[in-house]
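Everything on this sheet refers to the single structure shown next.
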């Protein structure tokens, strides 16, 4: 029989594992492209989709203006974002099953 303190400890451990997992995959969303550092995610993808130019200048993660080829950066951002979210979901599912 599990006590209340055991349940609380399990819940705390679960939340800590989720937070650690989030930090792990958020770090993997950062990537270098054409001299800048970018974070793959909805904000970057929407920004790149909203323009129709071949090349554009955008701010990278360190607020440095960087000239990029829009479609190349868009493809890389989409691919990296989806790969990392899929891996994150798989690991999170395993954590939830253990709980």
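The values are calculated or read from the model by the stated rules, or taken from the named source; none is laboratory data. Quantities reported herein were computed from a predicted structural model and do not represent experimental measurements. We place every Cβ from the backbone using ideal geometry, glycine too, and count neighbours over all the protein chains shown.
The criterion of at least 2 residues that are under 15 Å from residue 81 (Cβ atoms) and either within 19 Å of the chain's Cα centre (by Cα) or at pLDDT below 95 (or both) is met by the following strands (runs of 3 or more DSSP E) wholly inside segment 6-64: 30-33, 36-39.
Among the candidates 72, 87, the residue that is touching a residue at least 24 places away in the same chain (Cβ under 8 Å), outside any strand (DSSP E or B), under 19 Å from the mean Cα position of the chain (by Cα) and closer than 18 Å to residue 19 by Cα is uniquely 87. Looking across segment 31-59, the residues that are surrounded by 14 or more Cβ atoms within 10 Å (Cβ to Cβ), touching a residue at least 24 places away in the same chain (Cβ under 8 Å) and touching a strand residue (DSSP E or B) at 6+ places or on another chain (Cβ under 7 Å) come down to 31, 33, 34, 36, 38, 40, 44.
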